[in-house]
1. Across peptide D:134-145, how many C-beta atoms of other chains are within 10 Å of each residue C-beta, on average?
2. Just list whichever of A:K299/B:K243; B:K227/D:K243; A:K227/D:K112; C:K97/D:K227; A:K243/A:K306; A:K299/B:K112 have alpha carbons separated by over 31 Å in the model shown.
3. Suppose R0 equals 45 Å; then what is the FRET efficiency for C:T276 and B:A60 from their Cβ-Cβ distance, rounded to the nearest 0.05?
4. Restricted to Cα positions, what overall size does the protein assembly as shown have along the principal axes? Three whole-Å values, descending.
5. How high is the relative contact order of segment A:176-266? Use alpha-carbon pairs under 8 Å, at least six apart in sequence, and give a whole percent.
6. Contact order normalised by length for chain C, with contacts defined as Cα pairs under 8 Å and 6 or more residues apart; what percent is it?
7. I want the local charge near D:G122. Using Cβ-Cβ distances under 11 Å, sum +1 for each Lys or Arg and -1 for each Asp or Glu among the other residues.
8. If the cut-off is 17 Å between C-alpha atoms, which lysines fall inside it for C:K141, apart from same-chain ones fewer than 8 positions away?
4 protein chains.
Amino acid sequence: MNQSGVLFRITTFGESHGGGVGVVIDGCPPGLLLVEADIQPDLDRRRPGQSRLTTQRQEADQCRILSGTFEGRTLGTPIAVLVENADARGRDYEPFKELFRPSHADFTYEAKYGIRNWKGGGRASARETIGRVAAGAVARKILTTSLGIDIVAWVDQIGDICAAVDPETVSQEEVESSLVRCPDTRTSPGMVDAVDQARMDGDSLGGIIGVVARNVPPGLGEPVFGKLDGDLAQAYMSLPAAKGFEIGSGFSGVTTRGSTHNDPFRLQDGQIRTTTNHSGGIQGGISNGESIRARIAFKPTATILKPMPTVSRTGEETTLNARGRHDPCVLPRAVVICEAAMALTLVDHYLRHRGQTGREPQNFPLQQR
Amino acid sequence: MNQSGVLFRITTFGESHGGGVGVVIDGCPPGLLLVEADIQPDLDRRRPGQSRLTTQRQEADQCRILSGTFEGRTLGTPIAVLVENADARGRDYEPFKELFRPSHADFTYEAKYGIRNWKGGGRASARETIGRVAAGAVARKILTTSLGIDIVAWVDQIGDICAAVDPETVSQEEVESSLVRCPDTRTSPGMVDAVDQARMDGDSLGGIIGVVARNVPPGLGEPVFGKLDGDLAQAYMSLPAAKGFEIGSGFSGVTTRGSTHNDPFRLQDGQIRTTTNHSGGIQGGISNGESIRARIAFKPTATILKPMPTVSRTGEETTLNARGRHDPCVLPRAVVICEAAMALTLVDHYLRHRGQTGREPQNFPLQQR
Amino acid sequence: MNQSGVLFRITTFGESHGGGVGVVIDGCPPGLLLVEADIQPDLDRRRPGQSRLTTQRQEADQCRILSGTFEGRTLGTPIAVLVENADARGRDYEPFKELFRPSHADFTYEAKYGIRNWKGGGRASARETIGRVAAGAVARKILTTSLGIDIVAWVDQIGDICAAVDPETVSQEEVESSLVRCPDTRTSPGMVDAVDQARMDGDSLGGIIGVVARNVPPGLGEPVFGKLDGDLAQAYMSLPAAKGFEIGSGFSGVTTRGSTHNDPFRLQDGQIRTTTNHSGGIQGGISNGESIRARIAFKPTATILKPMPTVSRTGEETTLNARGRHDPCVLPRAVVICEAAMALTLVDHYLRHRGQTGREPQNFPLQQR
Amino acid sequence: MNQSGVLFRITTFGESHGGGVGVVIDGCPPGLLLVEADIQPDLDRRRPGQSRLTTQRQEADQCRILSGTFEGRTLGTPIAVLVENADARGRDYEPFKELFRPSHADFTYEAKYGIRNWKGGGRASARETIGRVAAGAVARKILTTSLGIDIVAWVDQIGDICAAVDPETVSQEEVESSLVRCPDTRTSPGMVDAVDQARMDGDSLGGIIGVVARNVPPGLGEPVFGKLDGDLAQAYMSLPAAKGFEIGSGFSGVTTRGSTHNDPFRLQDGQIRTTTNHSGGIQGGISNGESIRARIAFKPTATILKPMPTVSRTGEETTLNARGRHDPCVLPRAVVICEAAMALTLVDHYLRHRGQTGREPQNFPLQQR
């Protein structure tokens, strides 16, 4: 099941080692201005080798639009985007051919399929997310152009270092100005040090990404298996290394009482708004006009250089000694992926909303008394 | 989008006030012994009025199988299950007709659809979960019969009271023996008191449900938009009041390092197993043979008896004074719903696995050296 | 797979003998006026026992809307419609319990599922189409209200008796005024005689239904697996007893040459129209603004009263001697089913068009020179 | 909607003029031997320029597998196949930039999307079928390997010249030995002459393709929107230029009576078989173990060199004078496409059958008396 979406449907393909990775976007509205330059910046934010904090695998990750556009505009037909694999050192993985790397997908893929591409992470590699990022760039362009929606993600926590970020004001510029993509300038340097230390230790760190979508109109999302928070949860929990998802108050909200957790309504500038946003912009699975706020927990990267006990395909207990390139912390590169996941989920619901209701989403029109 | 699943597809229908609620199960394997008595016990665990801790709305919630079975066995054709609505006091909601109850779906439904059933929560009511629970009972029967899978959910936290529960050993009997469905006998009484207190205060509490699926074979789940944890996240985050989801180590895992978080492999009883289970039974989106462990955060019930600031449909700021029946804490009733969500997700992947691979899921067959 | 549609999704359920049959409509636009009386007339046109030419099974086929409406309007939530089974003489089928009726689905269902409901046709019974007809009535109401689309089906041929009907002018009133639902008054009496004769002979007849959708705007349908003619073909070929489908010139067009088959464009009343309609209103899978014209071939009813060679479940060659009630010719009752299939296909594409393009379908706006 | 299939899902992409065309196959079983050489022969049978009877556009149509295989075997992950466009003379189409070619999709695409790729047929070009043929080759390999299914298509009629072909015995070798792919050696030369004549006249011809799948086990197909004949109808009617579809007796069966049309059962070699096959191998939407027989009507190619009345985008009535390369008759090249459509439909149902029932399809096991 490598498809997602109902009207804006994406199909991603590709392993970390093989001909390439990419995506087919089916259902993109026609007439949108779209060239490779609309997609490449997000791929550049995702690609490996962009800083000393990320894996040193070198991939230019240049994308090519194979179909679905004409004279720089979308046709309404499927948009295929391909990124060919270049720096694929399959030989590096030779020692793992017969071993299962702990907390990787080696064992589960082989248990399921009876075969795996042992030259790298295969389909379970984070390289798969290239397709999502490419499609996410298209989705974001639609959302910005049509609805003025603004999506920003950032590193909110690395290890036990927590940032203080205001979702209502944080900008992509602030995020990008930090090597670890944490816009809290008091916290960011400590995170950089922590990642450097983990790298030197041959170990890895996890963390939390925060993401916000601002200026989302009320009405996106559908009961009951198309709830916006349900679909966001799937989009995020299908990312490599994701272990947790929360919307609005999330896990911390469970210790409050209803009288403080409920978001009271008020009238502001002629619009019905809430005074707090514990709901994270979603009530009953449908956006309410407030900012959509989510957080995603990522485990420490499974690839480390420390020896790990494991078992071979023949059942021999042994020790894995990994070498080579790895991300000591995936969080900085995951930021753009998390923005893509938000954009893809929202755009599909935007088109579905237009389809079912026959109108653009809009602010609530006050009834005449 | 009121459907879920690829091969074992469920469609739920119904509002809290109207003819009834129910589900159509499409794709259920043929030949399964199935009568109403297989479904009713789970509905009874979910129904309102079962104890003083739950809403006093009285609904027998008797189900009726309308199709898809013959002489007590499933036909392979759609199984429609209907529960008629009985104790629906629509008049109780008359005062809310023109008001939006804070943190309910009143506002968002009306913003999206331009209309809502104001006699109760409509489609956003927890009553909608009846369909999922009914289908979940069927799913669970398949999983138990075919694979010996055992699913248990329990109340893990209410407000700030946390239980200590061992997912490997907890039994449904232990859960059911507690009024709040918390199997930790040292914690359970305090939870009961807290819920009683919230009810007397006209307020509400949130909490966390833990759920485990034991004896799940490796191989269930698919890359990349059919990852088992991604689908579980959607199943759980589409439940009313759910605000967070985590699998395995979840949010607490982010403060560890890879060297301690990775689950080393070992050989146990001739099977490849892991010595820890931070992965929560899923690696790369596919089950690895360990217990699947998840936790779901539920916000405090939005319905409270305390006055809340709100706005009317005409934009007038006012105060909502709710009366009547409500659940001060949904957690005890949510336990069976969380079991159903796990069963429904697993059974669909079980059938998909058989379809794509042509075999039953099984333990990893060690290769000959 | 008992679902159909992308945005306007229907799920039908029910066997001929059992609790009932029905449909869940998911994705219906909100705010549509809808009560049982909007659906019942089409069910009445479909129901058995309505004339001496149809089976004498008596079913009132009264429908009940269980969900999805409020105060006579649709909510945007799933609309469940139930018709309970009444006159189900299961005992009549006792002799067939161990036999496979030729050209019925008895054998194939049992081969596939290892079980079948032998009390009647089960899921393969034409009774299943009740759900489609109910949903079709809703679909038709949307199409009429929003786009002014007009759908008419009629009996175009029974046995070797062919009618001459003008798809551009035929009306439902003309169709309904004929006992066999053939609006060609010169042909209709002969068809009635033929059906009467077949009934007296204990035999059955096949025929062809013609269907037209008028006033369809250009733009409905999608490349390539969502082509309007492809989806119509599936809708029609999934009807019981359907053996052939053609659009526009269909099979008779194969003997023409391109120079005569192509539909030249012209300008008419400021609109781009075609001078002929061999395309049947669809080019490249998308409606072109001309009437959509299709024809569906139905085989003679499999149920006859003449003895037929067959085999038992134990492999014994024997003779089937059917008794009881049957339709000597399904065509008259199939008319309303064929209208429903057209309406259901069009409405789904209508909503999809709105979703992908963000606008209502419209006539081609001539470009400024 | 450029996807098809439930478990074996294909997504095709690409316009006739642009980067390329291709397919992503999602859900292919793992472990299948698969290299480009398994796909190329079918692409070669489809490609233009293969004989004097087809368009002289020269395309090598070399395919490249980008993902989803490893060391010559399928991984169970998405298989992306790309064919780059080469001989694309976009300039040839310059005169049509402002005109709508009659009975092409120019007008409908522009009416729907407000934009079209006027350099060729765009997405409506028969070039789109490359993706289906590539995926069809994979599907066929699975069916042959796992079930021994044998699929053959042939030209059954061109214009008014009808062949006499026995579906039970016709072989691909016989089909390929004819320039028009008609295995009836008495008819084939006349067809060649007719196509030659049409080409010299600057005109075009239509015809009928016959297709058979032999050795199909009983049990493939599902009620009611997954009926095998319904899905075949969609697969075939979504092909460019298809105007009609029939299964078994099809349109000719409507003039028979039930007593002659019904296929009596008998016992043959210990298997339950039918003595005739008017059903075309499908009863109640499910295969019955007999050969699946279908016929598809194709209209005469819309592209002709004779002048045709048309209208420009600005609404000016004018004459279209086409030049250049075209197929005077698509039938010979459509043969392999029709085989692919059959294979794709069957393989998806094969996997679904395994998923829902948990077993391979098999002959009916006679019950013990």
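Where a number appears in this text, it was derived from the coordinates with a stated rule and is not lab data. All of these numbers come straight from a predicted model, not from anything done at the bench. Cβ coordinates were reconstructed from backbone atoms using ideal geometry, including for glycine residues, and neighbour counts include every protein chain displayed.
1. Values: counts 0, 0, 0, 0, 0, 0, 0, 0, 1, 0, 0, 0.
Mean shielding by partner chains, rounded to a whole number: 0.
2. Working: A:K299/B:K243 20 Å; B:K227/D:K243 41 Å; A:K227/D:K112 29 Å; C:K97/D:K227 24 Å; A:K243/A:K306 22 Å; A:K299/B:K112 37 Å.
Over 31 Å apart, Cα to Cα: B:K227/D:K243; A:K299/B:K112.
3. Details: r = 64 Å, r/R0 = 1.42.
According to the calculation, E is roughly 0.10.
4. 84, 71, 65
5. 9 percent
6. Values: 775 pairs, mean separation 77.5, N = 369.
Over chain C, the number comes to 21 percent.
7. Numbers: positive: D:R116, D:K119, D:R123, D:R127; negative: D:E15, D:D106, D:E110, D:E128.
Net of charged neighbours comes to 0.
8. none
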